[in-house]
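Inspection log for the structure reproduced underneath, given as structure tokens.
The values are calculated or read from the model by the stated rules, or taken from the named source; none is laboratory data. Since we're looking at a predicted model, the values are computed, not measured. Because the Cβ atoms are built from the backbone with ideal geometry, glycine has one as well, and the counts that use them run over all protein chains shown. Quick note on the areas: whole protein, heavy atoms, side chains included, nothing else; ligands and nucleic acids left out. Shrake-Rupley method; radii C 1.70, N 1.55, O 1.52, S 1.80 Å.
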Amino acid sequence: MLISQQWYQQPLLLFFSGMLLLALLLNVLAIFGVDFHRAPLFVLPRDNDELSHFTVLAQQFLQQQTASPLTGEPNYYLQREYGVLYYVQTSADFPLDIMQLRHIFQLMLRHQCHSALALVPHNIKSPAQIFALEANIRILDKQQLRNWIKS
């Protein structure tokens, strides 16, 4: 009586149920754009020279593309001739997220742009990249920006 023939069924059922709930939770978090690759809590301050070098590169790129500042929207530039919207991230503290990409997409629709470029100091690795690809927003980090200017 102490050892039944189905003694293994209860732990397997609990394990399967737990894994199913974990998968559902992760899918819901991914839908809402939660970034699982956050920086640690003890983030060291970014080097100001690195950020200023990125800003100089971004300004060179915008001059090369003949983009003009968008009125009422800081860090946004527009090239009306080709219908391209540019966004320059000035703060490297927070990576580009879905909320910022949605704002870029709304501005694209408002100004009838077919594409956008987001210039960011550091490459991002998050679910936001999927949204950017679907919305025709290309993300250029500092290295890609440097290569683009040289070519």
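Brief remarks on what is shown
- Residue match in the range 117-130 (condition: in contact with a Gly (Cβ under 9 Å, 6 or more places away or on another chain) and at pLDDT 90 or above): no
- Across the range 60-90, the qualifying residues are those that are in a helix (DSSP H, G or I) and in contact (Cβ under 8 Å) with a residue 24 or more places away in the chain, and the one among them that is surrounded by the most Cβ atoms within 10 Å (Cβ to Cβ) is Phe61.
- Filtering the range 91-128 to residues that are in contact with an Asp or Glu (Cβ under 9 Å, 6 or more places away or on another chain), crowded, with 20+ Cβ neighbours inside 10 Å and farther than 23 Å from Ile31 by Cα leaves Leu119, Val120, Pro121.
- Listed by first and then second residue, the pairs with beta-carbon distance under 8 Å, at least 6 apart or on different chains, first residue in the range 120-131 and without any contact (Cβ under 8 Å) to a residue 60 or more places away in the chain and assigned to a helix (DSSP H, G or I), second open to solvent by 10 Å² or more (accessible area, probe 1.4 Å) and among the hydrophobic types (A, V, I, L, M, F, W, C), are Gln129/Ile139.
- Residue satisfying all of: in the range 129-143; among the charged types (D, E, K, R) and over 16 Å from Val84 (Cβ atoms); most open to solvent (accessible area, probe 1.4 Å) among these: Glu134
- Count - residues of the range 15-59 that are modelled with pLDDT under 70, closer than 26 Å to Leu140 by Cβ and open to solvent by 80 Å² or more (accessible area, probe 1.4 Å): 9
- Every residue from the range 122-138 that is closer than 14 Å to Met108 by Cβ and either of a type in the set (Gly, Ala, Ser) or touching a helix residue (DSSP H, G or I) at 6+ places or on another chain (Cβ under 7 Å) (or both): Phe131, Ala132, Ala135, Ile137
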